[in-house]
Structures are given as C-alpha cells and as structure tokens.
Amino acid sequence: MSTPHELEGRRYIEFRNVYKTFDHPVLVDVSFHVQPGETLAIIGRSGVGKSVTLSHIMGFLRPDSGRVIVSYEDITDFPESELRRIRKKVTMVFQSGALFDSLTVGENILFSLELRDDYDEKNKEDVVNGLLQMVDLLEYKDHYPNDLSTGYKRAVAIARALAAQPECILYDEPTTMVDPIMSDHLTNLMLRLKTQLRLTGVVVTHDLDLMWRVADRVVVLFEGKAIYFGPVKDLEKSPHPHIQEFLALDRV
C-alpha cells in the first residue's frame with residue numbers, strides 16, 4: 001500500500017498513447033494526465049471521443065493499445081473484480097442522472113449508503129440530509145426524480161455519487177440542456193466539491209464557461225487526437241486553427 005508521501009507528485013489518472021477504433025479511429029495516440037485534486041476538462045465537438053475517454057477511465061472500455069492509469073494503478077488489463085474496486089474510488093455522474101424513478105430523492109442517495117457497512121441507520125439519515133444540504137436540495141428529499149428538472153436530477157446524482165465517498169468524480173456534460181441559472185448552480189457545486197473536499201475531477205463539456213471556472217487543465221480532442229493538453233489559462237495561446245475557431249465561436 002503506497003503512503004500519501006509516496007503518492008505525492010504522481011498522476012491520479014493518465015492516458016499513455018491510447019488508441020481506440022470502432023468502425024473508424026476514435027482515439028488516436030491520446031496522452032494526458034490528471035494530478036490528485038485537479039480538475040481536467042475534456043472538450044471538442046460531438047463524436048470526437050469525449051465520452052469514450054470517460055468509459056476508458058471507468059474500465060467500461062479497454063484501449064486497443066496504450067495504457068490507462070486510474071487511482072495510481074494501471075487498469076488496462078484489470079479483470080472486472082479489480083475494476084469494481086477502482087470504481088469505489090472513481091464514480092461517474094451521467095448526463096441522464098441515472099436515478100431510480102421508483103425511489104425518492106432521499107432513497108436514491110440512501111441506496112449508495114446501503115453498499116457501505118460503516119454507517120448505522122441514524123448515521124445514514126444524517127448523511128443523506130447532509131449531502132442534500134450540500135447540493136441545496138434538502139427540501140426535495142421526499143420528491144421523486146420525475147418531479148425534478150434535468151439540472152436538479154444531476155445535482156441529486158452528484159449527491160448520490162458523493163455518498164460513496166469517492167476520490168474522483170467524472171462528469172459527463174453536467175450543464176447540457178439546463179437553463180443558465182441551473183448551469184451556474186451546478187458549476188458552483190462542482191467548484192465547492194473541488195475546493196472543500198479536494199476531489200479529483202474530469203469533466204466532459206461543450207460549456208467553455210464551465211471549463212474556465214472549474215478546470216485546471218484541458219485536453220482538446222479533434223479528429224481523434226489530443227491537439228492541446230495543458231493549463232486552461234494557456235489555451236488561448238494555442239495556434240491550432242480548430243482551437244481558435246472553437247474559442248471564437250464561444251465568444252460569439
């Protein structure tokens with residue numbers, strides 16, 4: 001078992017020369033990394049492999065070649081039993097929220113806690129309330145997911161993800177199809193988790209405002225390749241015409 005000192009300076013997530021082809025190349029020699037406590041944004045047009053990248057981090061897909069490191073371990077050839085262990089540390093918030101429609105908001109979060117044996121019943125109730133308070137949704141505890149807007153469903157999904165006490169959260173287009181106020185709410189929530197809980201994060205997004213506000217580094221995917229990987233603040237200095245076009249469209 002590595003000590004915190006030994007892990008210092010190591011990369012929490014890393015792609016090393018990853019290739020993935022379906023009917024056409026989706027990821028072509030993609031390399032990037034995420035330090036512990038950092039948030040990485042993955043941006044690019046639809047169909048460039050952003051969600052495929054998240055699926056590799058979760059171990060739902062394996063690369064055709066290259067290596068994938070998650071939680072300091074090379075998971076490329078891990079069997080499902082080992083991947084399950086990694087998924088206790090790294091959790092994903094899906095675009096849909098992926099909540100159970102037949103359970104209330106509170107019960108959805110409780111479901112995550114049932115998988116843990118370090119809480120008693122009173123604890124669990126307190127934790128559910130605390131998590132809902134953290135995402136500003138305590139008043140919706142007894143509502144069902146169908147009563148909630150898309151943005152609120154995602155906030156509940158984030159609370160449910162936090163119940164598992166992960167080290168890292170992956171967000172798939174968290175602000176897509178929500179109004180500007182809800183988008184701002186979700187962005188602020190992600191910032192809180194990063195600063196207060198020191199969670200490592202990876203966010204796939206089209207929303208450059210979200211990227212500027214929460215990400216430390218960004219990887220830009222274009223035609224299967226990572227055409228930029230580096231600090232968010234330096235993205236505007238990239239001479240790549242696709243990046244300049246992307247930024248110009250956002251300013252418009």
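From the list I243, I181, which residue is surrounded by fewer than 15 Cβ atoms within 10 Å (Cβ to Cβ), modelled with pLDDT under 95 and in a helix (DSSP H, G or I)? Step by step, each of I243, I181 is checked, and only I181 is surrounded by fewer than 15 Cβ atoms within 10 Å (Cβ to Cβ), modelled with pLDDT under 95 and in a helix (DSSP H, G or I). Collect the residues in segment 7-25 that are among the β-branched types (V, I, T) and crowded, with 21+ Cβ neighbours inside 10 Å, keeping them in residue-number order. Across segment 7-25, the qualifying residues are I13, V18.
Please go through segment 70-93 and give me each residue that is among the hydrophobic types (A, V, I, L, M, F, W, C) and more than 20 Å from V18 (Cβ to Cβ), ordered by number.
Within segment 70-93, the first condition is being among the hydrophobic types (A, V, I, L, M, F, W, C), and the residues that meet it are 70, 75, 78, 83, 86, 90, 92-93.
Selection gives V93 alone.
For the residues D64, D74, the requirement of being without any contact (Cβ under 8 Å) to a residue 24 or more places away in the chain, touching a Lys or Arg at 6+ places or on another chain (Cβ under 8 Å), surrounded by fewer than 22 Cβ atoms within 10 Å (Cβ to Cβ) and more than 26 Å from L208 (Cβ to Cβ) singles out D74. Total residues in segment 210-235 satisfying the condition of being of a type in the set (D, E), exposed (fewer than 15 other Cβ atoms within 10 Å of the Cβ) and modelled with pLDDT of 95 or more: the figure is 1. The residues in segment 56-101 that are part of a loop (DSSP other than H, G, I, E, B), of a type outside the set (F, W, Y), under 23 Å from G37 (Cα atoms) and touching a Phe, Trp or Tyr at 6+ places or on another chain (Cβ under 7 Å) can be counted, and the count is 2. Just give me the residues in segment 155-172 being modelled with pLDDT under 90, more than 15 Å from T200 (Cα to Cα) and not small (G, A, S), in sequence order. Once the filter is applied, which keeps residues that are modelled with pLDDT under 90, more than 15 Å from T200 (Cα to Cα) and not small (G, A, S), segment 155-172 yields only R160.
The values are calculated or read from the model by the stated rules, or taken from the named source; none is laboratory data. Since we're looking at a predicted model, the values are computed, not measured. Positions of Cβ are generated from backbone atoms using ideal geometry, with glycine treated the same way; all protein chains shown enter the neighbour counts.
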